[in-house]
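Below is one structure, written out as structure tokens, with a few remarks after it.
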Amino acid sequence: MNPFKSSSSAQKTKDGLLSGFFALLTYLILGCTLFIFFDIAKKGLPVLMPVFSEKGGEVVDLDFLTRMPETLVDYTDENGEKQSLASSDFIEYTKANPDAVIENKKTNAYSGGGIAGPLVGTALLVIVCMVVALIVGVAAAVYLNEYAKQGRFVGMIRLAIMNLAGVPSIVFGLFGFAFFCLFPLPIFTMIVNEEKSLAAIPMFGGYLSFQGWGNSLLAGGLTLAVMVLPVIIAACEESLKAIPKGFREASLALGATKWQCIRTAVLPYATPGILTASVLGVTRVAGETAPIMFTAAVALKGKLPWQEADGKGIFWVSDLLTDSVQAMPYHIYTVAARIPRTDATAAMQDGSVFVFLLMVMTFASVSIYLRIHFRKKLKW
Amino acid sequence: MVTTSPSDPMTELATPVESPAKASPSTKANNPNPIAEQDAMIEIDDVSFSYDMGKTNVLKNISFNIPAGKVTALIGPSGCGKSTLLRCLNRMNDLVDTSKVTTGQIRIMGQDINAHDVDPIELRKQVGMVFQKYNPFPKSIYENVAYGLRIQGIKNKARLDEAVEKSLQRAALWNEVKDRLNSSALGLSGGQQQRLCIARTIAVNPRIVLMDEPCSALDPIATARIEELIAELQEEFTIVIVTHNMQQATRVSDRTAFFYLGELIEYDDTTTIFGNPSVTQTEDYVSGRFG
Ligand SMILES: Nc1ncnc2c1ncn2[C@@H]1O[C@H](COP(=O)(O)OP(=O)(O)OP(=O)(O)O)[C@@H](O)[C@H]1O
Ligand SMILES: [Mg+2]
């Protein structure tokens, strides 16, 4: 007689059915994700790496990564074959071949050239966002977790910060527009625009002017930073809480001041956690369109940001920061929503989405790598 | 936090201050063999302590004097307030927002340590602490010992080297680690890590070393080594040790205080406490008949 024999077979069947149902749902999600990913890769990979296209070609289309977006011209040539060229290439081509047959000529805005502008713009936005969010986020988390008296007030602050995470991104965008783009905030400038500037103080051979920053890298980066702050503060607090009490006690018992204790016995060991979570958080906001739509992004720009910045030293930095930028999510929004999809324009659409996906996945991988790396290194 | 001015009493702790005239601590029946004030390093005078702003007292009117240059053991059942009392002595309880010394005074070298002009930072440089769970920083062995000096702003490499070597030698750890000072402290055995924590504590040259069950996470051999170490350190430091191990108390301590439910039941020479206690509760506890 088996003493471990199942007593109720009905219970067992129910259990089996339920677990099967849960598994089904899980695989459904996995299936959807994989389908989306492969669809994007199938269409986008040949744009970035023409070797994989039907026509074949180079391994990596460097032009796509290094050129600025421009208008795309598509036409039918003398053999009746469809051709498409970026507008600058088209002009050169017609100059070189004045009697080339050009039929059914059509122009498509933003769909030619490459995506250098949006790539660089997004990278700059991410950098500004990361720097600001880390400084403010770590400071806030250290205050809340280490200095503030734990009580109802701090609890309310925490609740408010957490609620911030639920605010729709378009609201952040409008807030950023009102506060960073229009509100008179200090910025260094060589030339004061009398209309925009509320007051200007001469400084370092230029002026510290109080004016709206306008559509700018700084306004966009700060808006993204505000948006990612709740995530970063929560992550920092988690990391700080994970530091064993023994480190703090040992440090304080040796005569460290509170700040010395935090600086030498808490923050160094919390840094990996903070960095990992922050990179992940920033990855997510880097993909947002709404917050930068009103604050930073423009659809078309001729040059990369640093090629346009004027002045020296602090004024150069100011000029760079107050210039508008192109950005990947906004670029994708533009080419996908405003340009009709044809055989000619599809390349830019698919290619941009694919490259952006790669970019975001790289960020995420870096954060995962950091986490694994530090976890191995820092054990206690 | 109160910052110290050069004339602050705590900065002068290094030179024992003649204790000012005051009402002598009550000599109760449970304290039959008191430490004379002039021999006392720590005077605990009618101290009550609360973790909840005075609603309930965890320590109740404790009075006794801890002699200089001796080992004093605090014993008693779990939860009776031994750690709490120990943490009052270097004001580690300040970390608990709602904690409060509700009555009495603790004087170290004659100075009331809860006076408003005492900087707990300066106090802790003189009153070091070794914790129950050895807690070295995940840094190198060298950096662990140098930590206290570094936060005091000492950067001179030669001076740090010397202090590190001396402290490790005093903690009887030097021979075991001298070839790997720069490897991680977490690679040491538990007993070695605890001795490293002791080295770290004595590196800043405190007058008093508080130890809260320093051996409870260690095996008997490692425990024996720490006990030897305590015997050696006693010449230079005043040591207060909390222990659950009766044998340990008899082996290492000169004086023993027995606590029960936040009260000091009996305080006397260790030999008396364990050989001929005057209170039956003490006798029951030290003989293991506690119920
Ligand atoms: N941080 C704290 N906040 C509130 N109450 C505390 C805190 N620490 C200790 N207590 C309480 O104070 C009392 C005395 O605790 P304490 O840690 O001093 O006991 P102990 O004698 O050291 O016990 P053990 O032998 O188990 O270490 C206990 O009732 C405990 O619950
Ligand atoms: Mg304890």
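Throughout, read-outs are computed from the coordinates displayed, never taken from laboratory work. Here the structure is a predicted model, which is why all the values come from computation and not from measurement. When we count neighbours, we look across all protein chains shown, and the Cβ atoms used for this are built from the backbone with ideal geometry, even at glycine.
Quick look at the values:
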read-out: Axial C-alpha extent at least 20 Å, average Kyte-Doolittle at least 0.5 - helices from chain A (DSSP); value: A:9-48, A:116-142, A:217-242, A:267-286, A:343-377
read-out: Alpha carbon convex hull of chain A, volume per residue in cubic angstrom; value: 272 Å³
read-out: Separation of alpha-carbon centers, the range A:289-320 and the range A:128-173, rounded to whole Å; value: 28 Å
read-out: For A:240-253, mean number of other protein chain Cβ atoms within 10 Å; value: 5
read-out: Listed residues A:227, A:49, A:68, most fluctuating in chain A (Gaussian network, C-alpha, under 10 Å); value: A:49
read-out: Average beta carbon contacts from partner chains per residue of A:254-267, 10 Å cutoff; value: 5
read-out: Chain B: DSSP helices with Cα axial extent of at least 15 Å and average Kyte-Doolittle hydropathy no lower than -0.5; value: B:141-151, B:190-202, B:220-233
read-out: Euclidean distance of C-alpha centroids, the range B:255-277 and the range B:46-92, integer Å; value: 14 Å
read-out: Shape of chain B, Cα gyration tensor, a/c cut at 1.5; value: oblate
read-out: 11 Å beta-carbon shell around residue A:50, net charge (K/R +1, D/E -1); value: -3
read-out: Gyration tensor (alpha-carbon) shape descriptor, the range A:17-60, a/c threshold 1.5; value: prolate
read-out: DSSP-loop chymotrypsin sites (Phe, Trp or Tyr not before Pro) across the range A:1-51, with at most 12 other Cβ within 10 angstrom; value: A:4
read-out: Residues B:88, A:181 arranged by fewest to most Cβ contacts within 10 Å; value: A:181, B:88
read-out: Among the listed pairs A:312/B:157; A:43/A:301; A:95/A:196, those beyond 32 Å (Cα-Cα); value: A:312/B:157; A:95/A:196
read-out: Dipole-positive endmost among A:27, A:83, A:62 within the range A:25-88 (Cβ charges, Cα centre); value: A:27
read-out: Alpha-carbon centroids, the range A:44-67 and the range A:73-120: separation in whole Å; value: 17 Å
read-out: Gaussian network model of chain B, springs between alpha carbon atoms under 10 Å - residue of B:77, B:67, B:214 with greatest fluctuation; value: B:77
read-out: Whole-number D in µm²/s for the protein assembly as shown (Stokes-Einstein; Kirkwood sum over Cα pairs; 37 °C, 0.692 mPa s); value: 106 µm²/s
